[in-house]
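Worksheet: the structure to be examined is printed underneath.
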Amino acid sequence: MKKFIFLGIFSILISPGALAQVSGPITFEKKGMKKVIMQDNKTLSAKQLASILNADQASTREFKAAKTNSLIGVASMGVGTVFLGAGLVYTLKAAQATNDGDLSGSTDYSNMSGAAMLVGAGFYLASLPFIIMSNSHMKKSINLYNSSHKTSSIDKIDLNIGFSGNGAMIQFRF
């Protein structure tokens, strides 16, 4: 009987370390040409990162700002890509018109090509501040998450032993 009591008390005292659901910090690691976001030596996908950062109250605001800035920057890059593609098409049409001997058509297509490429380059340049701000907000969000989640040990352990209406009670909070 003493062994069972001893094992019961020992298992209650050791359970916070074994049952605590504490995960490690989120880190950026460079693998080749890209940066990978890792937690507990596992690569996090975008959905996993979003669910982790949205669950934490401290990092939610910064994460939403990062997401908004990223959306604006990527949309601007998409529009710039469309204009650069149109500029390439006009360049090919100008070359074809030159080969066919139509110099006025070649000039018109060359002018449209230059304008489209300048507008596309402008959209790309306009997207850079949004992408930089998105990265900055993402780093702040991850730093806030890491600072609000301690990974070293459990801060508070409560063990309450008492009597209830039906018998004895052990309440263990960690």
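Bear in mind these aren't lab numbers, they're just calculated from the coordinates by the rules spelled out. Worth saying up front: this structure is predicted, and the values here are computed from it rather than measured. Every residue, glycine as well, gets a Cβ built from its backbone with ideal geometry; the counts of neighbours run over all protein chains shown.
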(request) Could you pull out every residue, at least 5 positions away or on a different chain, whose amide H is within less than 5 Å of the one on GLY24? Hs are placed 1.01 Å off N in the peptide plane, and Pro or chain starts have none. (result) ASP40
(message) As a footprinting exposure proxy, order MET77, MET138 by other Cβ within 10 Å, with the fewest listed first.
(response) MET77, MET138
(message) For ARG61, project a label point 7 Å along Cα to C-beta. Then give me every residue of the range 104-144 with its amide nitrogen under 19 Å of that point.
(response) 133-144
(request) Starting at the first residue of the range 109-114, write each ³J(HN,Hα) from the Karplus equation 6.51 cos²θ - 1.76 cosθ + 1.60 with θ = phi - 60°, in whole Hz, x for Gly and Pro. (result) 5, 5, 5, 5, 5, x
(request) Straight distance only, please: which lysines reach the Cα of LYS34 with their own Cα at less than 25 Å, same-chain residues fewer than 8 apart left out? (result) LYS42, LYS47, LYS64, LYS67, LYS139, LYS140
(request) Give the Rg/Rh ratio for the range 54-174, taking Rg as the radius of gyration of the Cα atoms and Rh as the Kirkwood radius, to two decimals. (result) 1.54
(request) Apply 1/(1 + (r/R0)^6) to the Cβ-Cβ distance of THR43 and LEU125, taking R0 = 30 Å, and write down the FRET efficiency to the nearest 0.05. (result) 0.40
(request) Would you please give the FRET efficiency between VAL74 and SER148, computed as 1/(1 + (r/R0)^6) with r the Cβ-Cβ distance and R0 = 22 Å, to the nearest 0.05? (result) 0.15
(message) Quick check on the exposure proxy: order PHE28, PHE4, PHE123 from fewest to most C-beta atoms within 10 angstrom.
(response) PHE4, PHE28, PHE123
(request) At 0.36 nm per residue, minus the direct Cα-Cα distance, what do THR107 and SER51 gain on full extension? Give it in nm, one decimal, please. (result) 14.8 nm
